[in-house]
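For reference, the structure discussed in these notes is given below.
No value in this document is a laboratory result; all are computed from the given coordinates. The model shown is predicted, which means the values in this text are computed figures rather than measured ones. Positions of Cβ are generated from backbone atoms using ideal geometry, with glycine treated the same way; all protein chains shown enter the neighbour counts.
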Amino acid sequence: MTTLPAAYAITPPTHRLVGRVSPPGSKSITNRALLLAALANGTSRLSGALKSKDTVLMAAALRQMGVSVEEPDATSFVVTSSGKLLPPDAPLLLGNAGTATRFLTAAVATVDGTVIVDGDAEMRVRPIGPLVTALRSLGIDASSPTGCPPVTIVGTGSFGQGRVEIDGGLSSQYVSALLMAAPLGEGPIEIVLTGSEIDARGYVDLTLAAMRSFGAVVEQIDAGTWRVQPTGYRATDLLVEPDASAATYLWGAAALTGGDIDLGVEADAFTQPDAAAQAVIAQFPNMPAVIDGSQMQDAVPTLAVLAAFNNYPVRFVGIANLRVKETDRVHAVATELSRILPGLGTEDGDDLLVAADPELARAVVGRNSPIRIETYHDHRIAMAFALAGLRIPGIAILDPACTGKTYPDYWEMLRGLGVELTASS
């Protein structure tokens, strides 16, 4: 694996970015499919999958629990399982992978034995209490003294039965975790939202689609209630679609440079919720004055960087949950925008205000260069702010290696489009 420098300085291209780029496979779908394949009896082949830090951590955890996960090529996993997860001989260490941590916290309740689900320092401050409470209501022995990982689960080999309530306002991943484990119950399980709000509901739809691909029977009773039958899962072959969150950087790069980047897939062909960002990006430099980011949260940093060059200011609403992602993204985006130009990004409660200046590059030159962007170990901050470097001289992205979490080839992709990157200390 290539070692990346401490920082990359970006030289704004003097040409439109034009070319064909194939985004990596969807992280969201890959991690769902890996888990469901591990819970199915037989061999499943996942093609078009993402190989990144998050999915590698998920695969490693499944191997710890007796599942065979082979990688015949750069975009495939072959998963062979008995349909039962076995007790691991050590804690599952999942870094800062939110999907892997939340999904496995529920799934390992089906292990006959004790499992500890843990993460790195950043993951250890990301909330998981609502999911632990929901598991305990099903009679599962689950504990998390801090309300964050590590979580200890003492499983009995099944997921119980009956009704479980969950607050999905903080993260839809809690809901998805319960849904994916529910087919392994002793009887039907009804999953009920305790409120009308749910973070990024489109990701629950992704979960349901993946479950059905592996043979689950799920009935949606109403907008906040699902009934899952105890069918277990059957092995299947699945083609993973490209990652919509990754696509937002390509759409953004084309918009900022007046370019034309062919992704090989139309925006309306994506099933992931972040694809909704394309319709907003298509309006650049006249993006709406108010953008609701609640259902396309991973796209908000991209949209915010574009908003800095918009013709008028933009307020991002519905983004409170960005505060509990890999970092507090509301604060991080506001801080780094204002590092480019003071006052460019502002927090207003949980809203993000971007002042916008279509002549931003001219305003910055000679005033605040070089501009070293702190990325907070957050891949989305790094990739989004790299787009600012397509127009503003002097932008340097610190810790570029953090993009390996979901898009290991991000910097090579930019180089392939003719963007000059210079190693910086």
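Mean-square fluctuation check for the chain, GNM, Cα pairs under 10 Å: which of Asp298, Asp348, Asp399 is largest?
Looking only at Asp298, Asp348, Asp399, the largest GNM fluctuation is found for Asp348.
In what sequence do His15, His377, His331 fall when counting other Cβ within 10 Å, fewest first? Before the final figure, lay out each step's value.
On the way: His15 11, His377 18, His331 15.
Ordered from fewest to most neighbouring Cβ atoms within 10 Å, His15, His377, His331 come out as His15, His331, His377.
Under the classification rounded if a/c is under 1.5, otherwise prolate if a/b is larger than b/c and oblate if not, where does region 27-239 fall, given a ≥ b ≥ c as square roots of the Cα gyration tensor eigenvalues? Can you show the working numbers first?
Working: a/c = 1.35, a/b = 1.16, b/c = 1.16.
Rounded, because the longest to shortest axis ratio a/c is under 1.5.
What is the gain in length, in nm to one decimal, between Arg136 and Tyr312 on full extension, counting 0.36 nm per residue of separation less the C-alpha to C-alpha distance?
Details: separation 176, 0.36 × 176 = 63.36 nm, distance 4.91 nm.
Result for the pair: 58.4 nm of gain on full extension.
What order do you get for 251-259, 124-132 when each peptide is scored by the mean count of other beta carbon atoms within 10 Å, highest first?
Working: 251-259: 21.8, 124-132: 19.6.
Sorting 251-259, 124-132 by mean packing, highest first, produces 251-259, 124-132.
For the chain, what does the alpha-carbon gyration tensor say about shape, rounded, prolate or oblate, given a ≥ b ≥ c as the root eigenvalues, a/c under 1.5 as rounded, and a/b over b/c as prolate? Provide the component values of the computation, followed by the final result.
Numbers: a/c = 1.96, a/b = 1.73, b/c = 1.13.
Prolate, since a/c reaches 1.5 and a/b exceeds b/c.
Test of understanding: what is the full-extension gain from Val125 to Asp348, defined as 0.36 nm times their sequence separation minus their Cα-Cα distance?
Details: separation 223, 0.36 × 223 = 80.28 nm, distance 2.32 nm.
That works out to 78.0 nm of additional length.
Which of rounded, prolate or oblate describes region 328-425 when judged by the alpha-carbon gyration tensor and an a/c cut-off of 1.5?
On the way: a/c = 1.98, a/b = 1.24, b/c = 1.60.
Oblate is the answer for region 328-425, as a/c is 1.5 or above yet b/c matches or exceeds a/b.
Filter the GluC sites (Glu not before Pro) in region 169-230 down to the DSSP loop ones having no more than 16 other Cβ atoms within 10 Å, then list what survives.
Of the GluC sites (Glu not before Pro), the ones in loops of region 169-230 whose Cβ has at most 16 other Cβ atoms within 10 Å are Glu186, Glu197.
May I ask what percent, to the nearest 5, of DSSP beta bridges between residues of the chain are antiparallel? Write out the running numbers ahead of the final one.
Numbers: 44 of 64 bridges.
Taking every DSSP beta bridge with both residues in the chain, the antiparallel ones total about 70 percent.
When the Karplus curve 6.51 cos²θ - 1.76 cosθ + 1.60 is applied with θ = phi - 60°, which whole-Hz ³J(HN,Hα) does each residue of region 210-225 get, with x for Gly and Pro?
For region 210-225, the Karplus curve yields 5, 4, 5, 4, 9, x, 6, 10, 10, 10, 8, 6, 8, 4, x, 9 Hz.
Helix 27-38 sits at what angle to the longest principal axis of the chain, using alpha carbons and giving 0 to 90 degrees rounded to 10?
Computed tilt is about 20 degrees.
What does DSSP give for region 27-239 in terms of the percent of beta bridges that are antiparallel, rounded to the nearest 5? Display every interim value, and only then the final one.
Details: 28 of 39 bridges.
Counting only bridges with both partners in region 27-239, antiparallel ones make up about 70 percent.
Relative contact order for region 239-350: what is it in percent, counting Cα pairs under 8 Å that are at least 6 residues apart? The partial results should precede the final answer.
Working: 136 pairs, mean separation 22.4, N = 112.
Worked out over region 239-350, it gives 20 percent.
So what is the calculated 222 nm ellipticity per residue for the chain, using -39500 (n - 2.57) for each DSSP H run with n of 4 or more, over all residues, to the nearest 500 deg cm²/dmol? Can you show the working numbers first?
Numbers: 13 runs with 127 residues, N = 425.
Taking each H run of at least 4 residues, the total per residue is -8500 deg cm²/dmol.
What ranking of Ser294, Ser172, Ser143 emerges when the number of other C-beta atoms within 10 Å of each C-beta is taken as an exposure proxy, fewest first?
Numbers: Ser294 20, Ser172 24, Ser143 12.
Ascending Cβ contact count within 10 Å gives the list Ser143, Ser294, Ser172.
Pick from Ala121, Ala246, Ala223 the residue whose mean-square fluctuation is largest in a GNM of the chain, springs joining Cα atoms under 10 Å.
Checking each option, the largest mean-square fluctuation is seen for Ala223.
Using 0.36 nm times the number of residues separating Ser424 and Arg372, minus their current alpha carbon distance, what extension gain do you get?
Numbers: separation 52, 0.36 × 52 = 18.72 nm, distance 1.00 nm.
Working it through step by step, the gained length comes to 17.7 nm.
Run the simple label-point estimate for Thr11 and Gln220 please: 7 Å along Cα→C-beta, distance reported in nm.
5.0
Roughly how far apart, in whole Å, are the Cα centres of region 1-33 and region 343-405?
So the separation of the two Cα centres works out to 16 Å.
Output the 0 to 90 degree angle, nearest 10, between the alpha-carbon long axis of helix 98-107 and the longest principal axis computed from the alpha carbons of the chain.
10
How far is the Cα center of region 187-266 from the Cα center of region 115-181, in Å?
Measuring centre to centre over Cα atoms gives 20 Å.
List every residue whose amide H lies under 5 Å from the amide H of Gly168, counting only residues 5 or more places away in sequence or on a different chain, with H placed 1.01 Å from N in the peptide plane.
Distant-sequence amide H within range of Gly168: Thr194, Gly195.
For Asn41, enumerate residues with amide H under 5 Å from its amide H, sequence gap 5+ or separate chain, H modeled in the peptide plane.
Close amide H contacts, sequence-distant or interchain: Tyr233, Ala235.
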